[in-house]
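Everything on this sheet refers to the single structure shown next.
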Amino acid sequence: MLSNTEKELIVQIWDTMIPVAEDIGSEALLRMFTTFPKTKTYFSHLDISPNSDHLRCHGKKIVQALAEGARNISTLATTLAPLSRFHAYLLRIHPTNFKLLNHCILVTLACHMGDNFTPVAHAAIDKFLSAFSAVLAEKFR
Amino acid sequence: MVQWTAEERAAIQGVFAKLDYESVGIESLTRCLVVYPWTQRYFGGFGNLYNAEAIMSNPKIAAHGIVVLQGLEKALKNMDNIKKTFTALSELHSEKLQVDPGNFQLLADCLTVVIARRMGTDFTPDIQAAWQKFISVVISALRRQYY
């Protein structure tokens, strides 16, 4: 349940991430691959070494999708419908992995935002990421 | 027994060396109570927890945050035998405090975020991986005495 203040805060934060989408996205992915090596099993078709083109490109897509979701929080299910189908029928990622990437996104934001990553901002983003992942996992069964 | 590489030991000790125990312990516990409000159920006698500001200025929570970090320091000093070091603490959390062990991961995640916030880009992916391995060993030791 997100309050209106939280929704505004979420939009503000993701808007600042759009210009550095490649950096933030690739760092979050790299953190996930390093801390939770089993997540690499979904990426055997890509070069996910640090700073690779594939990693940066993929990271950018993820951040842009999150920013899009942030701007459409009240209609997440409709906005994310294509991505939701993609994750359910094509990618078929084990659902526990969403939490791992979410955690690494939070760590990346904390590293880059420093003092601006207040407990209230942390709570709002965590809730947003949970809602986002729930929509992505919605069609799994 | 857990195997630690030299790099992992150095990474973990490096994180602790940079930590201001008091403020990190306090910030981690307050974040946990703000981000995951259901964890407040274990702090009924601690006074005002009605909103983020109240939690962040609550002196009992602050004192307890320091206790938590002192516990972690014990694990650091006994990295090759965390299971045994934490036997009593594990019994305390299961028998007396009756904490749902799922909550250990939540506090651990908040602690990781606080460290990331303070270390910034010095908290590299490799250091994060070593740190999270340490934390998962600690959590496993804390869960051990639960029936």
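The values are calculated or read from the model by the stated rules, or taken from the named source; none is laboratory data. Quick caveat, the model's predicted, so the values are computed rather than measured. Using ideal geometry, Cβ is built from the backbone for each residue, glycine included, and neighbour counts are taken over all protein chains shown. Accessible surface areas use protein heavy atoms only, side chains included; no ligands, DNA or RNA. Shrake-Rupley method; radii C 1.70, N 1.55, O 1.52, S 1.80 Å.
The single condition among (1) loosely packed, with under 15 Cβ neighbours inside 10 Å; (2) touching a Gly at 6+ places or on another chain (Cβ under 8 Å); (3) charged (D, E, K, R) that A:E8 does not meet is (2). The condition of being open to solvent by less than 80 Å² (accessible area, probe 1.4 Å) and at pLDDT below 95 holds for only one of A:T34, A:T39, that being A:T39. Evaluate the following for B:L111: is it open to solvent by 30 Å² or more (accessible area, probe 1.4 Å) and part of a helix (DSSP H, G or I)? Taking the combined requirement at face value, the residue does not satisfy it.
When the range A:107-124 is limited to residues that are hydrophobic (A, V, I, L, M, F, W, C) and within 16 Å of A:V20 (Cβ to Cβ), the one that is most open to solvent (accessible area, probe 1.4 Å) turns out to be A:M113. Screening the range A:49-112 for helices (runs of 4 or more DSSP H) wholly inside it with 1 or more residues that are under 18 Å from A:T34 (Cα atoms) and either touching a Lys or Arg at 6+ places or on another chain (Cβ under 9 Å) or of a type in the set (D, E, K, R) (or both) returns the ranges A:53-71. Only one of the listed residues (A:T79, A:T108, A:T118) is more than 11 Å from the chain's Cα centre (by Cα) and over 16 Å from B:R31 (Cα atoms). That residue is A:T79.
Between A:S44, A:S84, A:S49, the distinction of being within 26 Å of B:G120 (Cβ to Cβ) and either more than 14 Å from chain B (Cβ to nearest Cβ) or open to solvent by 20 Å² or more (accessible area, probe 1.4 Å) (or both) belongs to A:S49 only.
A:S49 meets all of the listed conditions (1) in contact (Cβ under 8 Å) with a residue 12 or more places away in the chain; (2) out of contact with any helix residue (DSSP H, G or I) (no Cβ under 6 Å at 6 or more places or on another chain); (3) within 21 Å of A:L100 (Cβ to Cβ) but one, namely (1).
Of the residues making up the range B:1-37, those that are open to solvent by 20 Å² or more (accessible area, probe 1.4 Å), of a type in the set (F, W, Y) and at pLDDT 90 or above are B:W4, B:Y36. In the set (1) within 14 Å of chain B (Cβ to nearest Cβ); (2) open to solvent by 80 Å² or more (accessible area, probe 1.4 Å); (3) not charged (D, E, K, R), the condition left unmet by A:L29 is number (2).
Matching residues to (1) of a type outside the set (S, T, Y); (2) within 14 Å of the chain's Cα centre (by Cα); (3) closer than 17 Å to B:I26 by Cβ:
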| site | (1), (2), (3) |
| --- | --- |
| B:G47 | yes, no, yes |
| B:A54 | yes, no, yes |
| B:S57 | no, no, yes |
| B:K60 | yes, no, yes |
| B:V68 | yes, yes, yes |
| B:K77 | yes, no, no |
| B:D80 | yes, no, no |
| B:K84 | yes, no, no |
